[in-house]
1. Quick one: ranking 14, 49 by accessible area, 1.4 Å probe, largest first, what do you get?
2. In the calculated pair distance distribution of the chain, what percentage of Cα-Cα distances lie above 19 Å?
3. To the nearest 20 debye, what is the magnitude of the charge dipole of the chain about its Cα centre, counting +1 on the Cβ of each Lys and Arg and -1 on the Cβ of each Asp and Glu?
4. DSSP loop (so not H, G, I, E, B), at most 10 other Cβ within 10 Å: list which GluC sites (Glu not before Pro) in the range 5-66 pass both filters.
5. Magnitude of the Cβ-charge dipole of the range 10-63, K/R +1 and D/E -1, about the Cα centre, nearest 20 debye?
6. What is the spin-label model distance, in nm, from residue 103 to residue 29 if the labels are put 7 Å beyond Cα along the C-beta direction?
7. So, for the chain, what is the accessible surface per residue at a probe of 1.4 Å, expressed in square angstrom?
8. Give me the percent of the accessible area of the range 12-85 that comes from carbon and sulfur atoms, probe 1.4 Å, all protein chains in place.
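The values are calculated or read from the model by the stated rules, or taken from the named source; none is laboratory data. What you are looking at is a predicted structure, and each value in this text was computed from that prediction instead of being measured. FYI the Cβ positions are ideal-geometry reconstructions off the backbone, even for glycines, and counts take in every protein chain you see. Accessible surface areas use protein heavy atoms only, side chains included; no ligands, DNA or RNA. Shrake-Rupley method; radii C 1.70, N 1.55, O 1.52, S 1.80 Å.
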Amino acid sequence: MRGEDEKQSAMFSYVTLEQRIPIDHPLRSIRWMTDRALERMSVQFDDLYSATGRPSIAPERLIRGQLLQVLYSVRSERQLIEQLDYNLLFRWFVGLEMDDEVWT
């Protein structure tokens, strides 16, 4: 018997973004190394940014995004933002949750 092609979207997801990325995916080790390097650079980032005013996009996320551009040959920042909007692997790598808004 043929199954129905139901088009009902789920209201909630019970699987985290972390669980959707395979344990042996190569970006996991790259993300780990990147996070360690960015942790060491945190003090320098604090010195570069003002303590007052509107919060900016976290420099760690921007750097991870640029790294994705290099690794996946994404031709422009506009294409990177488009990928971040729907590519769960990219969202996970830069540190966005599934419901987070992508920066412009």
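1. Details: 14 195, 49 100 Å².
These residues rank, largest area first, as 14, 49.
2. 55 percent
3. Numbers: 13 positive and 17 negative charges, 67 e Å.
Value, rounded to 20: 320 debye.
4. 6
5. Dipole about the Cα centre, nearest 20: 140 debye.
6. 2.9 nm
7. Values: 8440 Å² over 104 residues.
Here the per-residue accessible area is 81 Å².
8. Values: 3210 of 5760 Å².
Heavy-atom surface of the range 12-85 belonging to carbon and sulfur, 1.4 Å probe: 56 percent.
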